[in-house]
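Written out below as structure tokens is the structure these notes cover.
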Amino acid sequence: MDKLRAMEVFVATVDAGSFAAAATALNLSAVMVGKHIHAIETQLGARLLERTTRRHRLTDIGAAYVERCRDVLATVQTADGVVDSLHTVPQGILRITAPVSFGAHRLTPVIGDYLAAHPQVKVDLSLNDRVVDLAEEGFDCGVRMSRTLDDRLIARPLAMSRMFAVASPSWIARYGMPAHPSELEGHALLNFAVWGPSHIWRFARGDDVVKVPVRGQFSTNNGQALLSAAIAGVGVIMQADALLAPAIAAGHVVQLLPDWELPTRAVHIVRLPEVRPSAKLRSFIDFALTRLG
């Protein structure tokens, strides 16, 4: 027996005054109304209604029980209303994961504008260059920069990320501006540890592809640390435009080989395949797509 449904039928019967009237109100048969009430009485071991041919009367137990049923049904209705509200009004804590550079330089300003538009939402942004399991670690959505995506996730294209090779003006003054990627061989190319210990930079111009192995003395898993090392003249780095564009504009580093292309990566925003995602998640994804897409 569905206890809540039986309570609902019982309350409706009391309010309507008869089984037949309750049946009409609930779009049930009078027999089914009787079965629901009989099931409750059997479970309780007490009679709730004294029946007559046309009417019924609450017993003392029934009068007390119907008020408790009203309380229970009101509580359930309130709980359902909370869920509906979460699906219609953006509110609560939104947990987002993103790569460090993209999250810090591109996503954070968007989040700031989103929060201004949705004051009932709080954002918990976790920046990490490793691939995060959304379900395992409790994130609502994430930003991924990868050629392959987990097919268990729903992914939306968010932006394109260009890669640049840069060095400081002091490095260029010491070694000169390279005219061809092969001229970088033998120089200190600083490694982004996330890409592995034997990473190769691939420069392309038309059909011409040049592969340059990374053999620098410095390696880190943090893009900002790489940029700081490049600005200090430690060596050449390759990173995404989200991190490097402000430093290039400020003259802290200079783009090398601008007529050669480095790999471009698609940036996606991903979420778990919920049938009905919350309003905070839907609204944020739509907002981010509008601003960055």
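Test Ala159 against the criterion of being under 23 Å from Ala279 (Cα atoms) and touching a residue at least 24 places away in the same chain (Cβ under 8 Å), and give yes or no.
Values: under 23 Å from Ala279 (Cα atoms): yes; touching a residue at least 24 places away in the same chain (Cβ under 8 Å): yes.
Yes; evaluated as a whole, the condition is true for this residue.
Of all residues in segment 177-215, how many are touching a residue at least 12 places away in the same chain (Cβ under 8 Å), surrounded by fewer than 16 Cβ atoms within 10 Å (Cβ to Cβ) and among the β-branched types (Val, Ile, Thr)?
The number of residues fulfilling the criteria is 1.
Search segment 110-132 for residues that are small (Gly, Ala, Ser) and pair each with any residue that is open to solvent by less than 60 Å² (accessible area, probe 1.4 Å) when their beta-carbon atoms are under 8 Å apart and the residues are at least 6 apart or on different chains.
Cβ pairs passing all conditions: Ala117/Phe287; Ser126/Ile96; Ser126/Thr97; Ser126/Ala98; Ser126/Val132; Ser126/Phe139.
Can you confirm whether Arg5 is at negative phi, in a helix (DSSP H, G or I), modelled with pLDDT of 85 or more and among the charged types (D, E, K, R)?
Values: at negative phi: yes; in a helix (DSSP H, G or I): yes; modelled with pLDDT of 85 or more: yes; among the charged types (D, E, K, R): yes.
The answer is yes for Arg5.
Hey, among the residues in segment 250-276 that are closer than 12 Å to Phe164 by Cβ and under 34 Å from the mean Cα position of the chain (by Cα), which one's most open to solvent (accessible area, probe 1.4 Å)? Before you say what the answer is, go through the steps one by one.
Within segment 250-276, the subset closer than 12 Å to Phe164 by Cβ is 253-258, 260-264.
Subset that is under 34 Å from the mean Cα position of the chain (by Cα): 253, 255, 261-264.
Numbers: Val253: 3, Gln255: 50, Glu261: 126, Leu262: 19, Pro263: 40, Thr264: 71 Å².
Once the filter is applied, the top-ranked residue is Glu261.
If a residue must be assigned to a loop (DSSP other than H, G, I, E, B), open to solvent by 30 Å² or more (accessible area, probe 1.4 Å), touching a helix residue (DSSP H, G or I) at 6+ places or on another chain (Cβ under 7 Å) and not basic (Lys, Arg), how many such residues does segment 22-63 contain?
The first filter runs over segment 22-63 and keeps only residues assigned to a loop (DSSP other than H, G, I, E, B), leaving 27-29, 45-48, 52-55, 59.
In the following step, the residues that additionally are open to solvent by 30 Å² or more (accessible area, probe 1.4 Å) were identified as 27-29, 45, 47, 52-55.
Filter once more, keeping what is touching a helix residue (DSSP H, G or I) at 6+ places or on another chain (Cβ under 7 Å): 29, 47.
Now restrict to residues that are not basic (Lys, Arg): 29.
Of the residues in that region, 1 qualify.
When segment 183-225 is examined, which residues are found to be within 36 Å of the chain's Cα centre (by Cα) and on the phi > 0 side of the Ramachandran plot?
Gly196
Within segment 226-240, is there a residue that is under 34 Å from the mean Cα position of the chain (by Cα) and surrounded by fewer than 16 Cβ atoms within 10 Å (Cβ to Cβ)?
Yes, segment 226-240 contains a residue that is under 34 Å from the mean Cα position of the chain (by Cα) and surrounded by fewer than 16 Cβ atoms within 10 Å (Cβ to Cβ).
Taking into account only those residues within segment 64-76 that are surrounded by fewer than 18 Cβ atoms within 10 Å (Cβ to Cβ) and not acidic (Asp, Glu), which is nearest to Arg5 (Cα to Cα)?
Initial filter on segment 64-76 (surrounded by fewer than 18 Cβ atoms within 10 Å (Cβ to Cβ)): 64, 67-68, 70-76.
Adding the requirement that they be not acidic (Asp, Glu) leaves 64, 68, 70, 72-76.
Working: Ala64: 18, Arg68: 14, Arg70: 12, Val72: 11, Leu73: 9, Ala74: 13, Thr75: 14, Val76: 11 Å.
This residue is Leu73.
Please determine, by comparing only the residues of segment 133-176 that are basic (Lys, Arg) and part of a strand (DSSP E or B), which one is most open to solvent (accessible area, probe 1.4 Å). Break it down stepwise before answering.
Residues of segment 133-176 that are basic (Lys, Arg), as a first pass: 144, 147, 152, 156, 162, 174.
Subsequent filtering for residues that are part of a strand (DSSP E or B) retains 144, 156.
Numbers: Arg144: 31, Arg156: 105 Å².
Step by step, filter segment 133-176, then rank; the result is Arg156.
Please enumerate the residues belonging to segment 243-283 that are at pLDDT below 90, in contact with a Ser or Thr (Cβ under 9 Å, 6 or more places away or on another chain) and of a type outside the set (D, E, K, R).
Within segment 243-283, Thr264, Ala266, Ala279 qualify.
List pairs: first residue in segment 1-30 and touching a residue at least 12 places away in the same chain (Cβ under 8 Å) and over 18 Å from Gln43 (Cβ atoms), second residue not in a helix (DSSP H, G or I) and not charged (D, E, K, R) anywhere in the structure, Cβ distance under 7 angstrom, at least six positions apart or on different chains.
That search, which allows pairs on different chains as well, returns Ser18/His56.
Which of (1) of a type in the set (Val, Ile, Thr); (2) exposed (fewer than 13 other Cβ atoms within 10 Å of the Cβ); (3) under 42 Å from the mean Cα position of the chain (by Cα) does Val9 not meet, given it meets every other one?
(2)
The values are calculated or read from the model by the stated rules, or taken from the named source; none is laboratory data. From a predicted model like this one, the values you see are computed outputs, not experimental measurements. Neighbour counts run over all protein chains shown; Cβ positions are idealised from the backbone, glycine included. Accessible surface is based on the protein model in full, side chains and every heavy atom, while ligands, DNA and RNA are left aside. Shrake-Rupley method; radii C 1.70, N 1.55, O 1.52, S 1.80 Å.
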